[in-house]
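Q: What follows is a structure written as structure tokens; I'll ask about it next.
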Amino acid sequence: MRENWTARIAGGAAGFANGLFGGGGGMVFLPVVSRWGNLSARKRYATCVGVIFPVCLVSAAVYLWHDGAALSDAWPYLAGGLIGGWFGGKLYNRVSTKFLKWLFAAFLVYGGVNYLL
């Protein structure tokens with residue numbers, strides 16, 4: 001029973017961050033699942049994507065509904081994002097989990113520093 005509440009809290013935190021910041025739910029979700037989840041490293045990353053995708057859809061729908069975003073502004077990025085996601089998914093099983101952890105941490109640091117500047 002405790003696992004269900006931990007999962008709900010982790011999902012809620014990821015959704016809240018994603019909705020509030022317009023993204024970044026995975027930055028909340030992955031560390032929480034890493035600490036409290038009983039999944040292998042590969043399954044944690046895959047679960048993170050599986051959770052964040054619908055959370056992003058909900059956030060996007062809310063933004064579009066409240067005129068916070070225009071779909072026409074997103075289209076130029078969508079094709080590149082789909083292609084990048086496809087290539088990343090194909091490479092996923094070929095990259096060590098240790099490297100994935102370091103790469104994820106590097107993106108977090110890079111994004112955080114650039115956000116503050």
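Q: Output the residues belonging to region 23-79 that are within 9 Å of the chain's Cα centre (by Cα), under 18 Å from Ala105 (Cβ atoms), surrounded by fewer than 18 Cβ atoms within 10 Å (Cβ to Cβ) and among the hydrophobic types (A, V, I, L, M, F, W, C).
A: Passing the criteria: only Val49.
Q: Out of the residues in region 7-22 meeting the condition of being open to solvent by 30 Å² or more (accessible area, probe 1.4 Å) and without any contact (Cβ under 8 Å) to a residue 40 or more places away in the chain, tell me which one is farthest from Ala70 (Cα to Cα).
A: Within region 7-22, the match that is farthest from Ala70 (Cα to Cα) is Ala7.
Q: So, in region 55-73, how many residues would count as being assigned to a helix (DSSP H, G or I) and over 16 Å from Phe21 (Cα atoms)?
A: Total meeting the criteria: 4.
Q: Within region 6-47, how many residues are within 26 Å of Val95 (Cα to Cα) and polar (S, T, N, Q)?
A: The qualifying residues number 4.
Q: Could you count how many residues in region 15-48 are part of a helix (DSSP H, G or I) and over 25 Å from Ser96 (Cα atoms)?
A: So the count comes out to 7.
Q: Give me a count of the residues in region 84-117 that are open to solvent by less than 100 Å² (accessible area, probe 1.4 Å) and assigned to a helix (DSSP H, G or I). Working first, answer last.
A: Just the residues of region 84-117 that are open to solvent by less than 100 Å² (accessible area, probe 1.4 Å), to begin with: 84-85, 88-89, 91-92, 95-97, 100, 103-106, 108-109, 111-114.
Of the ones still in play, those that are also assigned to a helix (DSSP H, G or I) are 84-85, 88-89, 91-92, 97, 100, 103-106, 108-109, 111-114.
Of the residues in region 84-117, 18 are open to solvent by less than 100 Å² (accessible area, probe 1.4 Å) and assigned to a helix (DSSP H, G or I).
Q: Residue pairs, Cβ under 8 Å, 6 or more apart or interchain, first in region 38-49 and at pLDDT below 85, second open to solvent by 50 Å² or more (accessible area, probe 1.4 Å) and part of a loop (DSSP other than H, G, I, E, B). List them.
A: Short answer, once both residue conditions are applied: Thr47/Leu39.
The values are calculated or read from the model by the stated rules, or taken from the named source; none is laboratory data. Predicted, not measured: the structure shown is a model, and the values here were computed from it. Please note: Cβ atoms are built from the backbone with ideal geometry, for glycine as well, and neighbour counts cover all protein chains shown. Note: areas computed on protein heavy atoms with side chains; ligands, DNA, RNA excluded. Shrake-Rupley method; radii C 1.70, N 1.55, O 1.52, S 1.80 Å.
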